[in-house]
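Undergrad: Got a structure for you, questions after.
The values are calculated or read from the model by the stated rules, or taken from the named source; none is laboratory data. Quick caveat: nothing in here was measured; it's all calculated off a predicted structure. Every residue, glycine as well, gets a Cβ built from its backbone with ideal geometry; the counts of neighbours run over all protein chains shown. SASA here: full protein model, heavy atoms, side chains in, ligands and nucleic acids out. Shrake-Rupley method; radii C 1.70, N 1.55, O 1.52, S 1.80 Å.
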Amino acid sequence: MTMTQADIQRIMDAHPQLNEYGIGVYDDKAKPSVQEAELAEGKAKLLGSAEACNRVCEWLKGVKKIRAINWDQTSYGLKHLAERDGDYCSNGAFIVAAIHSGFPYRIEPGNAYVYFGMSKKSIKAIRDRQNHVVR
């Protein structure tokens, strides 16, 4: 299921604070005009990240979906795992790809990161593989 710019826009429309950084802006204490400019720039960058989103979607095929939210892993930590198997992706690109891939998720107010219904066992297996742990 290849992601398009329209798919990214649809998810961004559902979550107006979603951008390349994640949810909201990096400096939430900046002047509102600075925040608006930063958010607009982050949205433009995220909208142009279909290639990264598609790489993450492919990577996510190795992660089992669960209904319960895994509070031990944030989108930011998970994006770093995905990067170890491929190229750079932003936190926002990871979030968009995971939502597009159908993972249950929770956005907590005031938090740039998103939590997903991803199996701890799947995440551990990826870490073990990346670290060449043999069991």
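Undergrad: Taking the range 67-101, which residues are part of a helix (DSSP H, G or I) and of a type in the set (V, I, T)?
TA: Filtering the range 67-101 down to residues part of a helix (DSSP H, G or I) leaves 75-84, 91-100.
Across the range 67-101, the qualifying residues are I95, V96, I99.
Undergrad: Is it fair to say L39 is without any contact (Cβ under 8 Å) to a residue 24 or more places away in the chain and buried (at least 17 other Cβ atoms within 10 Å of the Cβ)? Even if it seems obvious, please write down each step before you answer.
TA: Details: without any contact (Cβ under 8 Å) to a residue 24 or more places away in the chain: yes; buried (at least 17 other Cβ atoms within 10 Å of the Cβ): yes.
So L39 passes the test.
Undergrad: Take residues that are touching a strand residue (DSSP E or B) at 6+ places or on another chain (Cβ under 9 Å), modelled with pLDDT under 95 and over 19 Å from G110 (Cα atoms) and tell me which of the helices (runs of 4 or more DSSP H) falling wholly in the range 1-66 contain 3 or more. Explain how you work it out, then say what you get.
TA: Working: elements: 5-14, 32-47, 50-60.
Result: empty, no element qualifies.
Undergrad: State all residues of the range 83-98 that are of a type outside the set (S, T, Y) and open to solvent by 30 Å² or more (accessible area, probe 1.4 Å); if no residue qualifies, say none. Break it down stepwise before answering.
TA: Keep residues of the range 83-98 that are of a type outside the set (S, T, Y), which gives 83-87, 89, 91-98.
Within the range 83-98, E83, R84, D85, G86, D87 qualify.
Undergrad: With the requirement that a residue be of a type outside the set (A, V, I, L, M) and either open to solvent by less than 10 Å² (accessible area, probe 1.4 Å) or in a strand (DSSP E or B) (or both), what does the range 104-128 give you?
TA: Quick first cut of the range 104-128, residues of a type outside the set (A, V, I, L, M) only: 104-106, 108-111, 113, 115-117, 119-122, 124, 127-128.
Within the range 104-128, Y105, R106, Y115, F116, G117 meet the criteria.
Undergrad: Yes or no: H80 free of Cβ contacts under 8 Å to residues at least 24 places away in the same chain, open to solvent by 30 Å² or more (accessible area, probe 1.4 Å) and farther than 26 Å from D13 by Cα? Before the answer, list the steps.
TA: Working: free of Cβ contacts under 8 Å to residues at least 24 places away in the same chain: yes; open to solvent by 30 Å² or more (accessible area, probe 1.4 Å): yes; farther than 26 Å from D13 by Cα: no.
In short, no.
Undergrad: Assess whether N91 counts as being of a type outside the set (A, V, I, L, M) and in contact with a strand residue (DSSP E or B) (Cβ under 6 Å, 6 or more places away or on another chain). Spell out how you get there, then give the answer.
TA: Values: of a type outside the set (A, V, I, L, M): yes; in contact with a strand residue (DSSP E or B) (Cβ under 6 Å, 6 or more places away or on another chain): yes.
When the stated conditions are applied, N91 passes them.
Undergrad: So, in the range 86-121, how many residues would count as being at pLDDT below 95 and more than 20 Å from I8 (Cβ to Cβ)?
TA: Residues flagged as at pLDDT below 95 and more than 20 Å from I8 (Cβ to Cβ) within the range 86-121 amount to 4.
Undergrad: In the range 111-135, how many are touching a residue at least 60 places away in the same chain (Cβ under 8 Å) and under 23 Å from G24 (Cβ atoms)?
TA: The total comes to 4.
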